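Notes for the one structure printed next.
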Amino acid sequence: TFNNHFGYVDFAQCAEDGFTRTHKIHEFSWEDQGYSCVDELYNEMADILDKKMTLIQNLTYSTMGAYSDVDTSKYRNAIWMYIQSLYGIILLTFP
């Protein structure tokens, strides 16, 4: 059935008791726990997800606006961390 109420809910508002529970990124990793868990449940999907995440983390045209030959790794990493923080996944050393 179609669920027209599906959408992003602010992570901080998800806590029923007013206490926001975050997940520390150093407590879990795709390489150590995630891949093997998905591989066990849906073998073909583990490789697909692994390739997609690697592609996303490395995807760049080395440009920033009108500038070319730019190292965008810090910018891409900041976006990656920000998106994870939207879902309560935090890196303690990230400013």
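Here, each number is a calculation from the coordinates, and none is a lab measurement. Model, not experiment: these values are computed from the prediction. When we count neighbours, we look across all protein chains shown, and the Cβ atoms used for this are built from the backbone with ideal geometry, even at glycine.
With a cut-off of 8 Å between alpha carbons and a minimum separation of six or more residues, what is the relative contact order of region 25-83 in percent?
Details: 24 pairs, mean separation 9.8, N = 59.
Reported relative contact order: 17 percent.
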Quiz item: Hey, rough spin-label estimate for Thr72 and Ile89, points 7 angstrom out along Cα→Cβ, what's it come to in nanometres?
Solution: 2.1
Quiz item: Separation between the Ile79 and Ile25 pseudo-spin-labels, each 7 Å from Cα along Cα→Cβ, expressed in nm?
Solution: 1.5
Quiz item: Do any trypsin sites (Lys or Arg not before Pro) in region 21-92 lie in a loop, going by DSSP, with at most 11 other beta-carbon atoms within 10 Å of their beta carbon, and if so which?
Solution: Arg21
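Relative to the compact globular guide of 2.2 N^0.38 Å, what is the alpha carbon radius of gyration of region 46-95, as a ratio? Write out the running numbers ahead of the final one.
Values: Rg = 12.9 Å, N = 50, 2.2 N^0.38 = 9.7 Å.
So region 46-95 has a normalised radius of gyration of 1.33.
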